[in-house]
1. Can you tell me how many residues within the range 136-145 are under 18 Å from V172 (Cα atoms) and either buried (at least 23 other Cβ atoms within 10 Å of the Cβ) or touching a Gly at 6+ places or on another chain (Cβ under 9 Å) (or both)?
2. Which count do you get for residues in the range 82-130 that are farther than 19 Å from Y142 by Cβ and of a type in the set (V, I, T)?
3. When you go through S121, S61 one by one, which is the residue that is surrounded by fewer than 24 Cβ atoms within 10 Å (Cβ to Cβ), modelled with pLDDT under 90 and of a type in the set (S, T, Y)?
4. Which residue is farthest from the chain's Cα centre (by Cα), if the candidates are limited to the range 45-57 and must be within 14 Å of G173 (Cβ to Cβ) and either assigned to a helix (DSSP H, G or I) or of a type in the set (V, I, T) (or both)?
5. Tell me, which helices (runs of 4 or more DSSP H) lie completely within the range 147-252 with 3 or more residues that are of a type outside the set (A, V, I, L, M) and buried (at least 21 other Cβ atoms within 10 Å of the Cβ)?
6. Can you go through A127, A141 and tell me which one is touching a residue at least 24 places away in the same chain (Cβ under 8 Å), within 20 Å of I229 (Cα to Cα) and touching a His at 6+ places or on another chain (Cβ under 8 Å)?
7. Report, ordered by the first and then the second residue, all pairs with beta carbons closer than 9 Å, sequence separation of six or more or different chains, a first member in the range 69-88 that is surrounded by fewer than 24 Cβ atoms within 10 Å (Cβ to Cβ), and a second member that is part of a helix (DSSP H, G or I) and not acidic (D, E).
8. Might you let me know whether the range 8-26 holds any residue that is farther than 23 Å from N299 by Cα and under 18 Å from the mean Cα position of the chain (by Cα)?
Amino acid sequence: MDWATEIEAAAKRIEGHVLRTPVLQARGFGLEYPIEMKLEQMQHTGSFKARGAFNTLLSTSVPDAGLVAASGGNHGAAVGFAAAQLGHKAAIFVPEIAGSSKIALIERTGADLRVVKGAYSEALAAAQAYEAATGAGQVHAYDAAGTVAGQGTAMREWELQGLEADTVLIAVGGGGLIAGALGWLGQRRKVVAVEPERCCALYQARHAGKPVDVDVSGVAANALGAKRIGQMCFDLANGLDVTGVRVSDDAIVQAQTALWQEMRQLVEPAGAAALAALMSGAYRPDPGEKVAVLVCGGNIAPDPLGL
C-alpha cells in the first residue's frame with residue numbers, strides 16, 4: 001500500500017473536522033537535552049483517535065444500522081464524537097477497565113454505550129457479534145487502513161509544523177498511531193516504539209515472528225492494552241526494523257507526574273509512556289541526536305475535577 005498517498009488523502013478529508021494540535025520545545029524532566037513534543041491529548045475527545053475515526057467515516061459508506069466500535073476508551077470516544085458530528089448512530093463496546101472517566105466521556109458523545117466484562121479483546125468480540133447481528137459498520141481501533149491513514153496525519157502535520165528531530169518516540173498499544181507514523185515517514189526519521197512492560201504486543205510479536213496473543217495489565221492497559229498487535233503495524237515495524245523499548249509502570253507514572261509538575265499538562269499513563277522511555281533511560285539518544293515525543297492521550301482516571 002502507498003501509505004504516503006493514503007495519508008495525504010486522509011489529511012485533506014479530515015481537514016476542518018480535527019484540530020491542529022500544538023507543538024513545542026521543552027527542557028527539564030531530568031534530561032540534559034531539549035525535546036520536541038506534539039500534544040495530541042489536546043485533540044477532540046482527548047487523543048489522536050479522532051483522526052482515524054473521521055477518516056474512516058468520511059471515506060466509507062455508513063450502513064443504515066450505523067456504526068460499531070470496540071475500544072479501551074479513547075477510540076470509542078472518538079468514534080462516538082465523529083459519528084455525532086456527521087449524523088450517524090454508533091454503538092460503542094468498552095471493557096470495564098476503561099474506567100469511569102473514559103466511560104463518561106463516551107456517554108457524553110451520545111453513543112449507545114455497552115460496557116463489557118473483561119479487557120479489550122472481550123469488547124472486540126462483543127462488537128463483532130453486534131456487527132454480524134445488525135449489519136453495522138465496524139470501525140476498528142487500529143488494524144484498518146482508514147484508521148492507520150488517519151492517525152498518520154498527526155506525523156504529517158508535525159512535519160509541516162517544523163519538526164526537527166532525528167528520532168520520534170511513540171507509545172504503542174494496538175499499533176495504529178505508530179503504523180501511521182511509519183507509513184508517513186518511512187526511513188526518513190527514526191521511530192522508537194515504546195511499550196509498557198506489562199502490555200507489549202509488538203515486542204512479543206517481533207520475538208515470535210508474527211502477531212500473538214499477550215497478557216495485558218498495568219497502569220496503561222486501558223489505552224495500550226491490545227491483546228494482539230495489528231497486522232499492519234507488525235508489517236511496517238518489521239519492514240523498517242523499528243527500534244523498540246519497554247518501560248515500567250513506575251517509569252510511566254513518574255513521567256505522567258513530571259508532565260504535570262513541570263508543564264501543567266494532565267495526561268493519562270499512555271500519554272506519558274513515550275516520555276518515560278527518555279526519563280528512565282530505556283532509550284538513550286546518541287550525542288547530538290535530536291529527539292521528539294508524541295504525547296498521545298489525556299483522559300486520566302479518575303477525572304481530576306470529579307466530573
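The values are calculated or read from the model by the stated rules, or taken from the named source; none is laboratory data. All values derive from a computational prediction rather than experimental measurement. When we count neighbours, we look across all protein chains shown, and the Cβ atoms used for this are built from the backbone with ideal geometry, even at glycine.
1. So the first thing to find is which residues in the range 136-145 are under 18 Å from V172 (Cα atoms), and the list is 140-145.
From what is left, the residues that are either buried (at least 23 other Cβ atoms within 10 Å of the Cβ) or touching a Gly at 6+ places or on another chain (Cβ under 9 Å) (or both) are 140-144.
Adding up the residues that qualify gives 5.
2. Here the count works out to 3.
3. That would be S121, the only listed residue that is surrounded by fewer than 24 Cβ atoms within 10 Å (Cβ to Cβ), modelled with pLDDT under 90 and of a type in the set (S, T, Y).
4. The initial filter retains those residues of the range 45-57 that are within 14 Å of G173 (Cβ to Cβ), namely 47-49, 52.
So of that shortlist, the ones also either assigned to a helix (DSSP H, G or I) or of a type in the set (V, I, T) (or both) come out as 49, 52.
Details: K49: 6, G52: 10 Å.
Only one residue tops the list, namely G52.
5. Details: elements: 176-185, 201-208, 221-224, 231-239.
Of the helices (runs of 4 or more DSSP H) lying wholly inside the range 147-252, those with at least 3 residues that are of a type outside the set (A, V, I, L, M) and buried (at least 21 other Cβ atoms within 10 Å of the Cβ) span 176-185.
6. Numbers: A127 fails: touching a His at 6+ places or on another chain (Cβ under 8 Å).
Result of the check over A127, A141: A141.
7. Listed pairs, sorted by first residue: Q85/H44; Q85/F54; Q85/L57; L86/F54; L86/L57; L86/L58; H88/L57; H88/A82.
8. yes
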